[in-house]
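Here's the structure we're looking at; comments come further down.
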């Protein structure tokens, strides 16, 4: 006859790296109950009990609730519960991804402006949640290029940082009273042209078309683009005319 091996609560807690309090709680709610009890109510777990607990810990690592874990252990609606759980996890991932994008926008806006312009960001988020009017300004082919290539405040791509730094350099020139015709500003414009070449894949017509849109406050808002101050646009226009 095979001898049955039992582990005490303390031994089991150490073996599976869980707290004694957790094991007692699982016993209390009927999730994993010890097969044997000794003097003074001391708990002893059989190999079957241990295997059940290991399954519970595995399901817990998947962020399943104890209630759903219990149902799965009892083989009740396992498929439907797992599908529902996967759907819930997917929703959580999407929510977290959106939170990361919005946080990145705040970081970039702070970097760009030195402060959070809440009115601009609130409008930006609202526009992202609505249907944006790309078709009013660009063809389907142009939209595909822009959606893929345009830097976004929500993005952590290097290209976004490059554009932010370029705008900040222009702002510094404006604050210093540097002439748009100066060598310093013209070098910035050269950098802007290089970035534009990368962004628009050398399509000069699309570059010009997009710049016309960016100069329009309404068009930029329709497309959910972060607003560029009129002062900066006017400065760039003058520098480009040299």
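Just so it is clear, none of the values below were taken in a lab; they were calculated from the coordinates. Note that the structure is predicted; figures quoted are calculated from it, not measured. Every residue, glycine as well, gets a Cβ built from its backbone with ideal geometry; the counts of neighbours run over all protein chains shown.
Couple of notes before you dig in:
- For region 26-56, residues that are part of a helix (DSSP H, G or I) and in contact with a helix residue (DSSP H, G or I) (Cβ under 9 Å, 6 or more places away or on another chain) total 9.
- Scanning region 3-21 for any residue that is in a loop (DSSP other than H, G, I, E, B) and surrounded by 13 or more Cβ atoms within 10 Å (Cβ to Cβ) turns up at least one such residue.
The rows are residues; the columns are (1) in contact (Cβ under 8 Å) with a residue 60 or more places away in the chain; (2) over 22 Å from residue 112 (Cα atoms).
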{"residue": "141", "(1), (2)": "no, yes"}
{"residue": "144", "(1), (2)": "no, yes"}
{"residue": "196", "(1), (2)": "no, no"}
{"residue": "209", "(1), (2)": "yes, yes"}
{"residue": "213", "(1), (2)": "yes, no"}
{"residue": "216", "(1), (2)": "no, no"}
